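This report refers to the structure that appears directly beneath it.
The values are calculated or read from the model by the stated rules, or taken from the named source; none is laboratory data. For clarity, every value in this text was computed on a predicted model and none was experimentally measured. Here the Cβ is made from the backbone with ideal geometry for all residues, glycine too, and neighbour counts use every protein chain on show.
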């Protein structure tokens with residue numbers, strides 16, 4: 001247990017405080033500490049913090065806590081000088097000049113976290129009365145914790161922040177204030193879990209106990225009374241239990257056993273009572289020991305010794321070695337009665353099990369905090385690394401090495417951005433304000449026209465950094481710019497944002513097609529003197545589920561006006577008009593389509609032709625439709641035009657299949673949507689030429705920066721077509737390339 005002296009006691013014995021601040025430091029470092037103490041006292045004077053605590057008292061208290069954590073001289077100096085930049089102009093430069101760049105960097109890191117504090121506290125306070133999903137609130141607080149780590153370049157800043165919060169709670173314990181409730185709520189939500197994850201047990205229990213005391217004073221007092229002993233007395237009980245168990249283990253020949261423990265703090269006891277719905281008398285781990293051994297067999301030997309010297313409590317033994325938990329946690333847990341009637345929990349495990357439980361990716365802190373979020377392996381690995389580094393720092397005199405390793409483990413894959421309301425949005429590093437807008441809401445992204453970062457207007461392709469507050473300037477109407485899809489302009493970084501923009505333009509193209517088809521149908525109905533006809537009924541007659549499907553079919557030439565006229569009149573077409581009713585059919589260069597390898601089941605050498613509406617090519621599933629005077633028209637099985645004709649004349653459908661000879665060329669329609677640019681048609685044509693595809697018709701349109709291209713090309717097979725479409729997708733600016 002680390003010994004820490006409160007600032008009140010420190011002020012009563014200033015020289016003793018100086019000795020404590022200098023513990024473990026060289027003579028030169030102690031001189032720098034004394035210089036910083038004199039400078040801080042003269043600078044702070046009688047100024048106070050927002051909590052009401054005087055600045056100097058807080059600085060000294062934090063520095064003593066940091067010394068108790070055995071941090072280096074740089075961290076202790078930063079604790080003493082934390083408020084200088086806020087009180088003196090160019091204070092950071094002054095610290096760097098007199099105390100070094102390392103101290104200045106830590107002080108700057110503390111200042112950045114302090115600027116974030118009102119936001120986090122406001123969010124936690126609002127979340128208490130919020131109607132939002134509890135799981136969403138947990139996820140948001142988890143993102144806040146990650147942001148606290150991501151905002152610092154040195155792990156010591158986080159430790160200084162935890163020490164500062166501990167000192168603030170101590171001040172509120174001595175001088176109650178109405179602010180202590182929101183501060184305590186924020187501490188339990190953000191800082192004590194962070195201390196737990198980083199393994200800073202020296203501060204975790206005090207942060208939790210003091211916060212619990214402020215939030216639930218009556219319950220705290222009741223549990224404190226039920227403990228029926230002071231903390232020092234409980235610690236003495238643990239020390240005696242450790243000595244006895246150590247002696248018994250040595251007598252039994254179990255060497256290299258490590259036994260340690262500390263009593264449960266009040267917040268932990270209350271948590272267990274609440275989770276298990278039991279009374280105080282049924283909480284058996286108020287006092288706990290942990291035994292660390294070399295081998296599994298030693299664990300069971302130690303268990304026998306524990307049950308020999310103390311009486312086991314029924315139903316309070318768990319063998320997580322033979323039956324590990326779902327997160328692979330392994331240990332022996334037992335509870336026993338001591339001769340004086342007090343209970344004691346004992347955990348027994350090997351060093352490998354302990355390492356996994358304390359530092360492993362399947363982290364013990366998830367079990368302890370009851371987090372329901374999905375595991376994030378990379379984040380967990382970094383947490384494990386940080387905890388290893390914090391353990392290592394106790395073994396080295398020079399902290400520069402582990403600070404360097406911390407920077408290698410920095411959370412540099414993600415940035416954490418604040419909304420104007422104080423919520424946190426996590427994005428991949430490299431994200432822009434447009435990515436941020438789409439992350440918040442798709443409609444916000446579509447209508448994004450500008451962005452303010454920390455109150456200043458910035459270009460939309462600016463890369464965001466952790467801790468920035470972003471406000472999106474939106475238009476009342478409109479959509480994204482085609483330029484956003486241009487990779488060279490770097491407006492979009494995340495695949496999700498690019499997908500949303502592509503979907504918007506695809507929807508826009510569909511709306512244009514729909515409007516074009518609707519205009520054609522309405523115009524034709526007016527010409528026929530039938531403007532009031534029910535469009536949904538008309539669509540049903542033609543085999544469409546909705547009128548919109550009818551409009552799209554007309555716009556894409558899948559349904560011609562003659563068929564529309566017949567459906568409106570509700571009668572059969574004259575025989576000599578049947579040929580016109582078929583969608584335009586383009587004959588192959590070889591008039592005998594049978595030579596292409598098409599077989600009509602049950603009929604030999606029947607005149608056949610490939611339908612121009614769907615342009616089938618092997619190995620497409622095909623069907624035939626017997627026309628009047630033109631033989632069999634061969635369609636793809638999924639052709640909407642064939643579906644309509646089959647509905648009206650099912651008796652004319654004939655089974656058709658590809659024969660053994662399919663080595664000719666077949667006409668297909670290729671449709672390309674892209675943002676218009678110079679050289680686009682040339683690049684597309686180059687792809688077709690390289691694939692040896694002959695283009696026999698082309699139609700291109702450009703409107704509002706959008707390019708729509710239609711090609712009729714000759715291919716040998718569908719696989720060749722699919723390969724070509726994949727290459728067309730890779731052309732710069734192409735949004736989609738598909739077979740019509």
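With the structure loaded, tell me whether residue 702 is assigned to a strand (DSSP E or B), closer than 16 Å to residue 612 by Cα and without any contact (Cβ under 8 Å) to a residue 60 or more places away in the chain or whether it fails that test.
Answer is no for this residue.
Looking at segment 551-565, can you tell me whether even one residue there is over 29 Å from residue 639 (Cα atoms) and modelled with pLDDT of 85 or more?
Within segment 551-565 (the criterion being over 29 Å from residue 639 (Cα atoms) and modelled with pLDDT of 85 or more), the answer is no, since none of the residues qualifies.
Please tell me if residue 583 is under 15 Å from residue 559 (Cα atoms), at pLDDT below 80 and not in a helix (DSSP H, G or I).
Judged against the criteria, residue 583 is a match.
Could you count how many residues in segment 477-512 are at pLDDT 85 or above and in a loop (DSSP other than H, G, I, E, B)?
The number of residues fulfilling the criteria is 9.
Please pick out the residue among 308, 354, 323 that is part of a loop (DSSP other than H, G, I, E, B) and in the same structural domain as residue 237 (by TED's automatic domain parsing).
Going through 308, 354, 323 in turn, the sole match is 323.
Does residue 432 fit the bill of being out of contact with any helix residue (DSSP H, G or I) (no Cβ under 8 Å at 6 or more places or on another chain), surrounded by 20 or more Cβ atoms within 10 Å (Cβ to Cβ) and more than 19 Å from residue 732 (Cα to Cα)?
Against the criterion (out of contact with any helix residue (DSSP H, G or I) (no Cβ under 8 Å at 6 or more places or on another chain), surrounded by 20 or more Cβ atoms within 10 Å (Cβ to Cβ) and more than 19 Å from residue 732 (Cα to Cα)), residue 432 qualifies.
Given the condition over 15 Å from residue 417 (Cα atoms) and in contact with a helix residue (DSSP H, G or I) (Cβ under 9 Å, 6 or more places away or on another chain), answer yes or no: does some residue in segment 461-470 qualify?
Yes, segment 461-470 has at least one match.
Taking the condition of being modelled with pLDDT of 90 or more and either in contact with a helix residue (DSSP H, G or I) (Cβ under 7 Å, 6 or more places away or on another chain) or not in a strand (DSSP E or B) (or both), how many residues in segment 326-350 meet it?
Counting residues in segment 326-350 that are modelled with pLDDT of 90 or more and either in contact with a helix residue (DSSP H, G or I) (Cβ under 7 Å, 6 or more places away or on another chain) or not in a strand (DSSP E or B) (or both) gives 8.
Listed here are the residues, each with its yes/no results for (1) at pLDDT 85 or above; (2) in the same structural domain as residue 721 (by TED's automatic domain parsing); (3) under 30 Å from residue 486 (Cα atoms).
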site: 651; (1), (2), (3): no, no, no
site: 655; (1), (2), (3): no, no, no
site: 661; (1), (2), (3): no, no, no
site: 672; (1), (2), (3): yes, yes, yes
site: 677; (1), (2), (3): no, yes, yes
site: 683; (1), (2), (3): yes, yes, yes
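Starting from segment 306-317, keep only residues that are without any contact (Cβ under 8 Å) to a residue 24 or more places away in the chain, then list their pairs with residues that are in a helix (DSSP H, G or I) whose Cβ atoms are within a distance under 9 Å, requiring at least 6 positions of separation or different chains.
317/303; 317/307
Looking at 523, 502, 498, which is the one that is closer than 29 Å to residue 702 by Cβ and surrounded by 17 or more Cβ atoms within 10 Å (Cβ to Cβ)?
498
Can you list residue pairs whose Cβ atoms sit under 6 Å apart, with the first residue in segment 189-210 being on the phi < 0 side of the Ramachandran plot and the second being modelled with pLDDT under 85 and outside any helix (DSSP H, G or I)? Count only pairs 6 or more apart in sequence or on different chains.
Qualifying pairs under 6 Å: 202/2; 205/265; 209/265.
What is the number of the single condition among (1) touching a strand residue (DSSP E or B) at 6+ places or on another chain (Cβ under 9 Å); (2) modelled with pLDDT of 85 or more; (3) farther than 20 Å from residue 512 by Cβ that residue 697 does not meet?
Result: residue 697 fails condition (2) only.
Conditions (1) surrounded by fewer than 20 Cβ atoms within 10 Å (Cβ to Cβ); (2) more than 24 Å from residue 29 (Cα to Cα); (3) under 29 Å from the mean Cα position of the chain (by Cα); (4) modelled with pLDDT under 65, marked per residue:
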{"residue": "91", "(1), (2), (3), (4)": "yes, no, no, no"}
{"residue": "99", "(1), (2), (3), (4)": "no, no, no, no"}
{"residue": "114", "(1), (2), (3), (4)": "yes, yes, yes, no"}
{"residue": "121", "(1), (2), (3), (4)": "yes, yes, yes, yes"}
{"residue": "131", "(1), (2), (3), (4)": "yes, yes, yes, yes"}
{"residue": "135", "(1), (2), (3), (4)": "yes, yes, yes, yes"}
{"residue": "162", "(1), (2), (3), (4)": "no, no, yes, no"}
{"residue": "165", "(1), (2), (3), (4)": "no, yes, yes, no"}
{"residue": "169", "(1), (2), (3), (4)": "no, yes, no, no"}
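Can you name the residue in segment 239-264 that is crowded, with 19+ Cβ neighbours inside 10 Å and in contact (Cβ under 8 Å) with a residue 60 or more places away in the chain and is also nearest to residue 288 (Cα to Cα) among such residues?
241
Identify, please: which residue in segment 705-740 is in a helix (DSSP H, G or I) and free of Cβ contacts under 8 Å to residues at least 12 places away in the same chain and is, among those, surrounded by the most Cβ atoms within 10 Å (Cβ to Cβ)?
Filtering segment 705-740 for residues that are in a helix (DSSP H, G or I) and free of Cβ contacts under 8 Å to residues at least 12 places away in the same chain, the one surrounded by the most Cβ atoms within 10 Å (Cβ to Cβ) comes out as 729.
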